[in-house]
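Note sheet for the following structure.
The values are calculated or read from the model by the stated rules, or taken from the named source; none is laboratory data. Keep in mind it's a predicted model, so treat the numbers as computed, not measured. Cβ placement follows ideal geometry from the backbone for every residue including glycine, while neighbour counts extend to all protein chains displayed. Note: accessible area is taken over every heavy atom of the protein model, side chains too, but ligands, DNA and RNA are not part of it. Shrake-Rupley method; radii C 1.70, N 1.55, O 1.52, S 1.80 Å.
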Amino acid sequence: MKKLNGKKVWIEKKKYPEVDCWEFCSCGKIIVENSSHCWSLSEEGIDNHALNLLFSLNIEYQKTGIVPEKFGIFS
């Protein structure tokens, strides 16, 4: 990365292990119960809103390295 004065600085970023949500759902490690009001299902029969939450949780975990107690997309 270049600073304003023109010098270059090396920045290291943390890399967290990749979590395969689809594999965990298929083998039963993650169980998603569809809402009674779900109106959009994926090809596997899982609620799309639940999948959005699951993938957003994965991104949040990769950024911080911890799983939050409370989680929402807009929180």
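Tell me which residues, restricted to segment 4-22, are open to solvent by 100 Å² or more (accessible area, probe 1.4 Å) and in a loop (DSSP other than H, G, I, E, B).
Correct list: LEU4, ASN5, LYS7, TRP10, GLU12, LYS13, LYS14, LYS15, GLU18.
Filter segment 36-52 for residues that are closer than 21 Å to PHE71 by Cβ and open to solvent by 60 Å² or more (accessible area, probe 1.4 Å); which is nearest to the chain's Cα centre (by Cα)?
Here the residue is ASN52.
I'm trying to understand the selection: among the residues of segment 23-35, which are surrounded by 12 or more Cβ atoms within 10 Å (Cβ to Cβ) and either closer than 25 Å to LYS13 by Cβ or without any contact (Cβ under 8 Å) to a residue 12 or more places away in the chain (or both)?
Across segment 23-35, the qualifying residue is only PHE24.
Of the residues ILE59, ILE30, ILE66, which single one is outside any helix (DSSP H, G or I), within 30 Å of MET1 (Cα to Cα) and among the β-branched types (Val, Ile, Thr)?
Among ILE59, ILE30, ILE66, only ILE66 is outside any helix (DSSP H, G or I), within 30 Å of MET1 (Cα to Cα) and among the β-branched types (Val, Ile, Thr).
Among the residues of segment 14-31, which ones are modelled with pLDDT under 75 and either over 19 Å from ASN48 (Cα atoms) or polar (S, T, N, Q) (or both)?
Selection gives LYS14, LYS15, TYR16, PRO17, GLU18.
Working only within segment 33-56, note down all residues that are of a type in the set (A, V, I, L, M) and part of a helix (DSSP H, G or I).
Result: ALA50, LEU51, LEU53, LEU54.
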